[in-house]
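> Here it is, the structure in full.
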Amino acid sequence: MDTTIEATGLVKRFGDTTALGGVDLAARTGTVLAVLGPNGAGKTTAVRVLATLIEPDGGQARVGGYDVVAQAHQVRRLIALTGQYAAVDETLTGVENLILIGRLLGQSRAAARRRADELLEQFELADAGGRATKTYSGGMRRRLDLAASLVGRPRVLYLDEPTTGLDPRARGDLWGVIRDLTGDGVTVLLTTQYMEEADQLADDLVVIDRGRVVAVGTPDQLKAQVGRQVLRVSPLSAADLPVVARVVTELSGAAPEVTPEAVSAQVSDPRLPPAVLQRLTDAQVAVAELSLRMPSLDEVFFALTGHHTADDNDDRSAA
Amino acid sequence: MTTITHPAASPPAPVLQDRVGPLDAVRHALTLAWRSLVQIRHNPMELADLSLQPLMFVALFAYVFGGAISGSPKAFLQFGLAGIITQNALFLTMNTGVALNTDITKGVFDRFRSLPIARSAPLAGRILADVVRQVWSMAILLGVGTLLGFRVQTNPVSVLAAVVLLVAVACAFSWLPVLVAMLVDEPEKVMMLGFVVVFPLTFASSAFVPVDTMPGWMQAWAAVNPATLLVDAVRGLLVGGEVAAPALGALAWAAAIGAVAAPLALRAFRRRS
């Protein structure tokens, strides 16, 4: 399979800070590459280099075979960018925002208008199209922002934390749109702080920390590497916590973490949760919650790097 | 606006142009100027800024200060309209900085810069739109001034020259608010420049009163103040008087401000992106 985005040894410094300390990454054509990392890891800087917004201090990157520095114009013909902040003109209406992009891309007035209507329809914004976007909700703005990125039918789409700040429903809707795009052969590079998002969407993952790649692989490989899912059992009555802890310890073979509300343990055997439930039912313990969740980004980080995600500043140098 | 139809970018494009042609660059600038002017339609505040504020200034200056300064509103306008027009033009340049800062902080600029359009287009579009704004509000000031008794003593060519001179100086001066826009994190902070620079600049000048009524130290400043030079030139072009010397002085100031502020602004822009 072809590689559409390929970066080797990218370095970018801002003053004394090294935002990128030699980053390699590759996205296969028509797939989603997720770049996972905490704030300050260098995700946004990497996207800005790949989107020709800033030049790297070292290393090189090619998009669709074109160099992002020497052939920036050709790269721009292939890409579209949806940043962390919905980059729409708030004083213009939804329709005007989309027509503006279409006209800049060389579409005729009629074609730009048609494309705008089409996208507004697709993103369920048809009714709001004539309203100034400052009246839009956060989710509507993000949808319009994504629609604006799709006006020119890009072959490569950069999504910089596209769902940060969205409610679960809006997030799910956006995930659906991203899946449809790759179905059409679009290559997507997505940055995220959410392990779950990466797991849902990504074909490949790159985990970066403090400007360096700390892990590469498919979501399954990475999960196998960092381990397991987390089982959390919360009894209806706190008095049953010791029983729950004993059952989980016996079945998982390791000491679980016990808080005043729940018992949590890392598990790798999928047969374990039903077994725990069975034992607790036999012991007549009423269970309020039994959940199995993906390791959080922090847990992935801890497993990969031995340290927790630092509370660094936002990695967008421009505030 | 020209309508050049390209087929929608059709995948997969085998060979892509490696740069933007000059015609396309003009088209991009015009499109972005259109965008900047459409904003006015949706933003009543800006429309008020461009139309009501100048109108109010003319009426207030003429009827409040006119009698005291010149004996009658009409007599004052004959002297002071050039000053009002100049002050208004310099104030309008703040909007350029505010709009630019908004575009940058909201990420709109990033979107433009990631599009295959001429690198000059966002700035050129903005400047084009600002020239339209400037000319629009000058027309209102001259129109209202004339209604209230102001009379051009020269000829249409001189009036046109005054407008061109004002636009040219305002364009260069606008690099100052643009520079500030690159350095601050909120658009509102650009407006501060208007109060700490444009107010003292225009009031301590020949804009509204003859400078010989001022204390000596202020006269010394007023004599070299770029606002005085610009006002004197505009006044000369509208109602007669010396033009060449103050116009050259104003243009020299404009060139100096542009030469210092423009590179600093561009450097600040590269740093913040």
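> Out of the residues in region A:55-78 that are among the small types (Gly, Ala, Ser) and in a loop (DSSP other than H, G, I, E, B), which is farthest from residue A:4 (Cα to Cα)? It would help to see each step written out before you state the result.
Step one: of region A:55-78, the residues among the small types (Gly, Ala, Ser) are A:58-59, A:61, A:64-65, A:70, A:72.
If we keep only those that are in a loop (DSSP other than H, G, I, E, B) as well, we get A:64-65, A:70.
Values: A:64: 5, A:65: 7, A:70: 17 Å.
Restricting to residues being among the small types (Gly, Ala, Ser) and in a loop (DSSP other than H, G, I, E, B), the top hit is A:70.
> Only one of (1) under 14 Å from the mean Cα position of the chain (by Cα); (2) buried (at least 18 other Cβ atoms within 10 Å of the Cβ); (3) modelled with pLDDT of 90 or more is not met by residue B:164, so which one is it?
(2)
> Taking interchain pairs and intrachain pairs at least six residues apart, which have beta carbon atoms under 7 angstrom, with the first residue in region A:231-242 and in the same structural domain as residue A:259 (by TED's automatic domain parsing) and the second acidic (Asp, Glu) and surrounded by fewer than 20 Cβ atoms within 10 Å (Cβ to Cβ)?
A:232/A:289; A:234/A:261; A:234/A:289
> If you scan region A:90-106, which residues turn out to be of a type in the set (Ser, Thr, Tyr) and either at the interface with chain B (Cβ under 7 Å from one of its Cβ atoms) or closer than 13 Å to residue B:28 by Cβ (or both)? Show your work before the answer.
First, the residues of region A:90-106 that are of a type in the set (Ser, Thr, Tyr): A:91, A:93.
Listed by number, the list holds a single entry, A:91.
> Checking the structure you have, find out if any residue of region A:164-177 is touching a residue at least 40 places away in the same chain (Cβ under 8 Å) and either more than 23 Å from residue A:141 (Cα to Cα) or crowded, with 19+ Cβ neighbours inside 10 Å (or both).
There is no residue in region A:164-177 that is touching a residue at least 40 places away in the same chain (Cβ under 8 Å) and either more than 23 Å from residue A:141 (Cα to Cα) or crowded, with 19+ Cβ neighbours inside 10 Å (or both).
> Among the residues that make up region B:201-219, is at least one of them buried (at least 23 other Cβ atoms within 10 Å of the Cβ) and part of a helix (DSSP H, G or I)? First the steps, then the outcome.
If we filter region B:201-219 for residues that are buried (at least 23 other Cβ atoms within 10 Å of the Cβ), which is where we start, we get B:202, B:205-207.
Subsequent filtering for residues that are part of a helix (DSSP H, G or I) retains B:202.
Yes, some residue in region B:201-219 is buried (at least 23 other Cβ atoms within 10 Å of the Cβ) and part of a helix (DSSP H, G or I).
> Is at least one residue of region A:185-201 closer than 22 Å to residue A:101 by Cβ and either surrounded by fewer than 23 Cβ atoms within 10 Å (Cβ to Cβ) or not assigned by TED's automatic domain parsing to the domain that holds residue A:99 (or both)?
Among the residues of region A:185-201, at least one is closer than 22 Å to residue A:101 by Cβ and either surrounded by fewer than 23 Cβ atoms within 10 Å (Cβ to Cβ) or not assigned by TED's automatic domain parsing to the domain that holds residue A:99 (or both), which makes the answer yes.
> Ok, one more. Tell me whether region B:258-267 contains one or more residues that are in contact (Cβ under 8 Å) with a residue 12 or more places away in the chain, small (Gly, Ala, Ser) and not in a helix (DSSP H, G or I).
Looking for residues that are in contact (Cβ under 8 Å) with a residue 12 or more places away in the chain, small (Gly, Ala, Ser) and not in a helix (DSSP H, G or I), one finds none in region B:258-267, hence no.
> If a residue counts only when it is more than 14 Å from every other protein chain (Cβ to nearest Cβ), which helices (runs of 4 or more DSSP H) contained entirely in region B:61-165 have at least 2 such residues?
Correct list: B:66-70, B:73-105, B:121-147.
> Could you list, in sequence order, all residues of region A:132-152 that are buried (at least 20 other Cβ atoms within 10 Å of the Cβ), of a type in the set (A, V, I, L, M, F, W, C) and over 12 Å from residue A:115 (Cβ atoms)?
Across region A:132-152, the qualifying residues are A:140, A:144, A:146.
> Look through region A:13-45, keep the residues that are surrounded by 21 or more Cβ atoms within 10 Å (Cβ to Cβ) and within 14 Å of another protein chain (Cβ to nearest Cβ), and return whichever of them is farthest from residue A:75 (Cα to Cα).
A:19
> To continue, here is another question. How many residues does region A:112-127 hold that are surrounded by 19 or more Cβ atoms within 10 Å (Cβ to Cβ) and either at pLDDT 95 or above or closer than 19 Å to residue B:31 by Cβ (or both)? So that I can check it myself, show each step before the final result.
Here is the first cut: in region A:112-127, the ones surrounded by 19 or more Cβ atoms within 10 Å (Cβ to Cβ) are A:112, A:115-116, A:119-120, A:123, A:125.
Checking which are either at pLDDT 95 or above or closer than 19 Å to residue B:31 by Cβ (or both) leaves us with A:112, A:115-116, A:119-120.
Residues that pass the stated criteria total 5.
The values are calculated or read from the model by the stated rules, or taken from the named source; none is laboratory data. The model shown is predicted, which means the values in this text are computed figures rather than measured ones. Cβ coordinates were reconstructed from backbone atoms using ideal geometry, including for glycine residues, and neighbour counts include every protein chain displayed.
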